[in-house]
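Everything on this sheet refers to the single structure shown next.
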Amino acid sequence: MLICDEYLTLASLDEAFDAMARHRGRCRIIAGATDTLPWAREGRAGDVEVPVLIDVARIPELNARRVDGTRVRLGAAVPIQRFLDDPALAKALPVMPQCAIWFADDQIRESATIGGNVINASPAADGTPPLIAHGARVELAAKRNGRIVRREMAVEDFLQGPGKTALESDELLVGLDCEALPGYGASFEKVGHRRSLVISVVCLAALVKLDATKQKIEDARLAIGGIGPVPQRLTEVESFLRAGPLTAERLEQAAEMPVALVASRSRQEYRREVVRGFVLRALMTAVRNAGGASLLAPELEAAYA
Amino acid sequence: MPDLRIEATINGRKIARNAKPHLRLLDFLRDDLGHTGTKEGCGAGECGTCSVFVDGVLLKSCLVPAAKAQGTRIETVEGLAKAGELSVLQQAFHKAGASQCGYCIPGMVMAATAALRANPFADREEIKERLGGNICRCTGYQKIFDAVELARDVQNGRRPASALAEEDAADGAFIGVNVRRLDAPSKVSGALKYAGDMVMPHMLHMAVLRSPHAHARIVSIDTSEAEAMDGVEGVITAADVPGVDGFGVFVHDQPIMARGKVRYVGEQVAAVASEDPLIARRALSKIKVVYEPLPAVFDAHEAMKAGAAVLHDYAPDNIVKHIPIRVGDVAKGFAESDLIVEETYSTQQVEHAYLEPEAGLAYVDADGVVTILSPSQNITHHRHMLSRIIAQPINKVRFIMSPVGGGFGGKEDMVYQGMLALMAMKTRRPVRVVFTREESIITTAKRHPSHTTYKMGLTRDGRIKAVEIKMISDGGAYGMSTEGVMRKAAILAAGPYAIPNVKVDTYGIYTNNTPSGAFRSFGALQTQFATETHLDICAEKLGLDPFEIRRVNAMRDGASTHTKQALKSVSLTRALDAAEKAARWEPGVPNMRGATRGDLNGEGTRPSCTLGARLAAAASPKTSEVA
Ligand SMILES: Cc1cc2nc3c(=O)[nH]c(=O)nc-3n(C[C@H](O)[C@H](O)[C@H](O)COP(=O)(O)OP(=O)(O)OC[C@H]3O[C@@H](n4cnc5c(N)ncnc54)[C@H](O)[C@@H]3O)c2cc1C
Ligand code: FES
Ligand code: FES
């Protein structure tokens with residue numbers, strides 16, 4: 001049970017920083033609350049008493065979403081469901097709708113924020129591999145000496161370990177700045193203990209751009225979560241894919257490459273198997289979604305559908 | 001400690017209230033406003049019994065801080081039926097028989113409403129996906145999907161409104177026809193009150209202190225600090241039991257609260273009551289219990305060994321119950337067999353996961369009758385046990401069975417009703433307890449984990465000459481229904497097969513694990529799983545079709561069971577015929593039919609589920625443009 005003496009809903013960044021300063025050391029930030037409330041239960045943190053909860057979900061800057069040409073700016077409090085129902089976001093961030101459909105359920109996605117997912121820094125978070133694949137950078141802000149100061153860094157650098165980020169105690173995550181990748185074919189792969197409402201064991205985001213002939217991969221983005229303490233981008237696989245022709249054999253070779261990266265604490269063998277299958281299926285699906293031919297043997301087409 | 005000020009519109013009515021800042025929207029709706037159609041099945045976002053609309057968006061109210069409701073427009077299930085008339089969807093749920101225990105149903109109706117609002121033409125796959133956050137443990141979902149499709153079609157004019165109308169089963173015929181459930185309207189509208197929805201004036205809330213140890217002696221319990229806390233109205237421990245302590249479905253080995261020692265993690269040790277549930281919870285941490293850990297045993301086989309930790313003095317061998325069955329002479333039967341197959345089988349512990357966590361309300365009425373209202377599956381037995389425990393004549397003990405939000409056997413045990421009675425007697429006030437999902441899982445009975453060694457002797461033509469079955473089951477810390485489960489497991493162990501020589505032994509064993517108890521099939525599942533799997537293995541070894549080996553051995557009309565019950569009629573061969581036909585079974589030995597089989601997939605089977613129905617739907621116009 002999450003117990004507080006005071007619950008503050010702030011209307012602006014400025015007010016939020018003032019509240020954070022006033023209650024330093026005795027407050028906690030709330031956005032969608034979908035990580036925080038279940039965490040404060042028996043078996044996890046148990047009953048947690050936090051004097052002041054500071055709700056930032058209604059701050060306009062944290063809710064902004066803007067797509068302009070090459071960049072997409074997402075406020076930290078944008079709910080995951082927007083990736084499914086905002087066509088402009090879906091077009092500019094092609095892997096996001098596929099990630100969203102596997103993320104919790106329709107109802108939780110309306111509360112769960114993209115920023116909360118990043119700050120929670122779960123090794124198996126579904127939101128972070130797609131962000132990394134989209135080259136996302138976090139925008140952080142704090143109020144110091146009466147001025148709002150901002151900094152930014154790549155999501156990969158921001159995430160430091162399970163539950164650990166580079167966020168300072170006086171900082172808020174304000175937004176995420178992503179590369180728009182319209183026209184890329186995308187795929188999101190996820191495996192958990194069941195289909196619905198489940199935290200990933202392993203998840204993978206893939207984005208592929210084909211050249212005009214549709215025979216060659218011009219650009220590829222792959223990022224994976226759940227195989228180590230933080231999600232990672234598979235840059236070697238990406239360069240390998242760009243370096244040669246698009247064939248089923250080469251995709252299979254690519255799928256072998258990240259297997260050795262599996263460093264998670266449990267079920268390594270299983271995760272290795274999963275990674276191999278995932279990378280292959282993700283690439284094949286992404287290639288098809290990018291307008292390429294299906295590279296699957298016909299008998300596997302149904303199995304991988 | 002400033003309260004929240006919440007001004008909102010709820011089901012079309014404006015409200016303005018102060019509320020405690022830590023409340024969730026779920027608490028605010030249920031406890032402060034009395035909208036108990038919104039349920040709490042898990043409190044962790046997993047089940048969807050708490051779904052409500054906030055500004056037109058469906059949310060799980062257990063994950064929404066109440067403060068977020070400020071300035072919003074909220075709709076709960078109570079708001080769907082206008083002027084008492086059920087919505088089309090609610091009528092469709094009634095028509096389709098899409099409610100059983102009903103505990104998930106308000107949330108399900110809300111999710112279905114959201115699905116059809118989002119897409120009035122959603123197909124079944126999309127409906128499934130949009131209902132993906134709501135769990136039902138009773139219906140198997142198909143009738144729920146049928147109901148949503150029916151409502152969709154009626155709303156779209158594709159089916160007439162009369163499709164929802166009451167149809168009467170042909171004059172008094174109830175078998176083989178769809179009969180409307182009388183209780184469905186109260187469930188689909190959220191009007192039905194489960195125990196956790198009920199309140200009484202002057203009511204207290206009870207919280208329970210539980211053991212962190214699997215096996216420990218209780219050296220001392222000091223409740224003085226908790227008793228002294230402002231707002232605490234009562235604290236109880238085993239010392240408050242006036243009569244003969246002990247309950248259980250067969251053996252009365254479980255005290256109302258731990259007495260002298262604890263035997264499993266989660267066992268109740270003390271309880272606190274207060275008008276404010278938060279104070280009751282906080283007071284738990286003020287109770288000082290000194291434990292002296294004892295060696296514990298977590299495996300039934302280990303518990304049977306000499307020198308193992310002993311849980312109950314009355315059972316120094318840790319055996320709750322041993323049920324032996326002897327028919328004929330198995331040694332002779334094995335000697336006559338052409339093939340002897342030996343295997344071991346194990347099954348795991350399973351939680352019932354009914355959507356309604358345990359809850360109850362107790363009070364002492366004006367005539368001094370101790371009254372307990374709870375979703376107990378066994379009120380008469382509970383009444384008799386409690387009368388002894390609280391040393392009151394039976395006419396001073398009353399049990400009222402509230403609607404059961406799913407039981408599946410898991411609500412047969414008198415786990416918390418005794419505490420409620422003691423607290424109501426001590427405080428002379430109505431007392432309510434509502435378990436959290438975690439408490440429900442930690443403390444209540446599970447399906448027995450089992451380990452079965454199996455030996456079967458058969459002749460070449462598949463006739464079973466002898467079976468020897470030994471099942472060791474982990475009964476956990478208390479007896480509960482173990483004895484009955486062992487009986488049923490033994491009686492049905494060798495299956496519906498005519499076998500001349502049978503030797504069965506089932507053992508329920510005490511360990512320091514969570515107690516095991518009644519669970520759908522009551523022991524039959526564990527031994528049947530072994531028997532049926534074993535038969536398949538034997539069929540392969542003998543080169544027989546698995547249906548054939550069962551037909552060869554099937555009991556027929558007039559048979560006598562292994563425990564000598566005369567069976568006038570036996571439908572087994574008919575059931576086998578029907579199953580074979582429905583499965584489009586390709587006759588033959590499963591492992592000798594070559595690489596390709598014609599009876600896999602196809603009609604009547606379903607591909608594994610996947611997500612993305614609406615992404616596919618959104619993408620498909622594009623594909624047709626391209627083409
Ligand atoms: C049933 C269920 C299913 C789930 N399924 C999935 C799933 O499939 N995939 C998945 O990845 N996750 C899943 N989650 C986890 C959770 O929903 C997500 O991690 C979500 O994105 C968290 O966001 P939030 O805003 O709700 O978190 P909150 O609980 O509000 O915040 C999470 C953390 O971030 C901090 N925080 C939030 N916003 C800011 C900010 N702007 N600046 C600084 N700190 C901030 C908070 O202080 C807190 O520590 C699930 C959760 C539940 C309950
Ligand atoms: S999802 Fe809210 S109570 Fe289960
Ligand atoms: S009817 Fe759905 S849980 Fe019982």
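The values are calculated or read from the model by the stated rules, or taken from the named source; none is laboratory data. Everything numeric here is computed off the predicted structure, so don't read it as measured data. Glycine also receives a Cβ, built like all others from the backbone with ideal geometry; neighbour counts cover every protein chain displayed. Side chains are part of the model used for accessible areas, which takes the heavy atoms of the whole protein and leaves out ligands, DNA and RNA. Shrake-Rupley method; radii C 1.70, N 1.55, O 1.52, S 1.80 Å.
Side notes on the structure shown:
- 2 or more residues out of contact with any helix residue (DSSP H, G or I) (no Cβ under 7 Å at 6 or more places or on another chain) and crowded, with 21+ Cβ neighbours inside 10 Å: qualifying strands (runs of 3 or more DSSP E) within segment B:431-482: B:464-476
- Every residue from segment B:541-560 that is open to solvent by 60 Å² or more (accessible area, probe 1.4 Å) and assigned to a strand (DSSP E or B): B:SER560
Let's see how each residue does on (1) assigned to a strand (DSSP E or B); (2) within 14 Å of another protein chain (Cβ to nearest Cβ):
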{"position": "B:LEU59", "(1), (2)": "yes, yes"}
{"position": "B:CYS62", "(1), (2)": "no, yes"}
{"position": "B:LYS68", "(1), (2)": "no, yes"}
{"position": "B:GLY71", "(1), (2)": "no, yes"}
{"position": "B:GLU78", "(1), (2)": "no, no"}
{"position": "B:ALA92", "(1), (2)": "no, no"}
{"position": "B:LYS95", "(1), (2)": "no, no"}
{"position": "B:ALA98", "(1), (2)": "no, no"}
{"position": "B:CYS101", "(1), (2)": "no, no"}
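- Among residues of segment B:105-154 being within 14 Å of chain A (Cβ to nearest Cβ), assigned to a loop (DSSP other than H, G, I, E, B) and within 15 Å of ligand 2 (Cβ to nearest atom), the one that is nearest to B:PRO403 (Cα to Cα) is B:CYS136.
- For segment B:401-460, the candidate set comprises residues that are within 14 Å of chain A (Cβ to nearest Cβ) and more than 16 Å from ligand 2 (Cβ to nearest atom); within that set, the residue that is nearest to B:PHE250 (Cα to Cα) is B:THR443.
- For segment B:174-229, the candidate set comprises residues that are of a type in the set (A, V, I, L, M, F, W, C) and in a helix (DSSP H, G or I); within that set, the residue that is surrounded by the fewest Cβ atoms within 10 Å (Cβ to Cβ) is B:ALA228.
- Selection within segment B:337-352 - out of contact with any helix residue (DSSP H, G or I) (no Cβ under 8 Å at 6 or more places or on another chain) and either in a strand (DSSP E or B) or surrounded by 14 or more Cβ atoms within 10 Å (Cβ to Cβ) (or both): B:SER337, B:GLU342, B:THR344, B:SER346, B:GLN349, B:VAL350, B:HIS352
- Helices (runs of 4 or more DSSP H) completely within segment A:1-118 that count 3 or more residues being buried (at least 23 other Cβ atoms within 10 Å of the Cβ) and within 12 Å of chain B (Cβ to nearest Cβ): A:95-101, A:106-111
- Only a single criterion out of (1) under 24 Å from the mean Cα position of the chain (by Cα); (2) of a type outside the set (Asp, Glu); (3) open to solvent by 40 Å² or more (accessible area, probe 1.4 Å) is not satisfied by B:VAL244, namely (1).
- When segment B:5-57 is filtered for residues that are of a type outside the set (D, E, K, R), assigned to a strand (DSSP E or B) and crowded, with 21+ Cβ neighbours inside 10 Å, the ones remaining, listed by number, are B:ILE6, B:ALA8, B:ILE10, B:ALA19, B:SER51, B:VAL52, B:PHE53.
Residue-wise test of (1) away from ligand 2 (no atom under 16 Å from the Cβ); (2) among the aliphatic types (A, V, I, L, M); (3) touching a residue at least 24 places away in the same chain (Cβ under 8 Å).
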{"residue": "B:ILE6", "(1), (2), (3)": "yes, yes, yes"}
{"residue": "B:ILE15", "(1), (2), (3)": "yes, yes, no"}
{"residue": "B:ASP27", "(1), (2), (3)": "no, no, yes"}
{"residue": "B:ALA67", "(1), (2), (3)": "yes, yes, yes"}
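- Any hit, segment B:261-272, residues being touching an Asp or Glu at 6+ places or on another chain (Cβ under 6 Å) and in a loop (DSSP other than H, G, I, E, B): no
- Any chance B:ARG383 is over 24 Å from B:TYR103 (Cα atoms), part of a strand (DSSP E or B) and either without any contact (Cβ under 8 Å) to a residue 24 or more places away in the chain or open to solvent by 10 Å² or more (accessible area, probe 1.4 Å) (or both): no
- Residue within segment A:191-199 that is under 19 Å from the mean Cα position of the chain (by Cα), within 13 Å of chain B (Cβ to nearest Cβ), away from ligand 1 (no atom under 16 Å from the Cβ) and open to solvent by less than 50 Å² (accessible area, probe 1.4 Å) present: no
- From A:GLY135, A:GLY116, residue being touching a residue at least 24 places away in the same chain (Cβ under 8 Å), out of contact with any Leu (no Cβ under 7 Å at 6 or more places or on another chain) and closer than 15 Å to A:CYS178 by Cα: A:GLY135
- Just one of the numbered conditions (1) out of contact with any strand residue (DSSP E or B) (no Cβ under 6 Å at 6 or more places or on another chain); (2) part of a helix (DSSP H, G or I) is not true of B:VAL570: (2).
Per-residue answers, yes or no, for (1) under 28 Å from B:ILE340 (Cβ atoms); (2) in contact with a helix residue (DSSP H, G or I) (Cβ under 9 Å, 6 or more places away or on another chain); (3) open to solvent by less than 60 Å² (accessible area, probe 1.4 Å):
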site	(1), (2), (3)
B:PRO515	no, yes, yes
B:ALA518	no, yes, yes
B:HIS534	yes, no, yes
B:ALA539	yes, yes, yes
B:HIS562	yes, yes, yes
B:LEU576	yes, yes, yes
B:SER608	no, no, no
B:LEU615	no, yes, yes
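- Which numbered condition B:PHE145 fails, given (1) away from ligand 3 (no atom under 15 Å from the Cβ); (2) within 20 Å of B:ARG614 (Cα to Cα): (1)
- Scope segment B:298-344; condition among the hydroxyl-bearing types (Ser, Thr, Tyr) and over 36 Å from the mean Cα position of the chain (by Cα); matching residues: B:SER337
- Residue count for segment B:47-65, restricted to those that are out of contact with any helix residue (DSSP H, G or I) (no Cβ under 8 Å at 6 or more places or on another chain) and near ligand 2 (Cβ under 6 Å from one of its atoms): 0.
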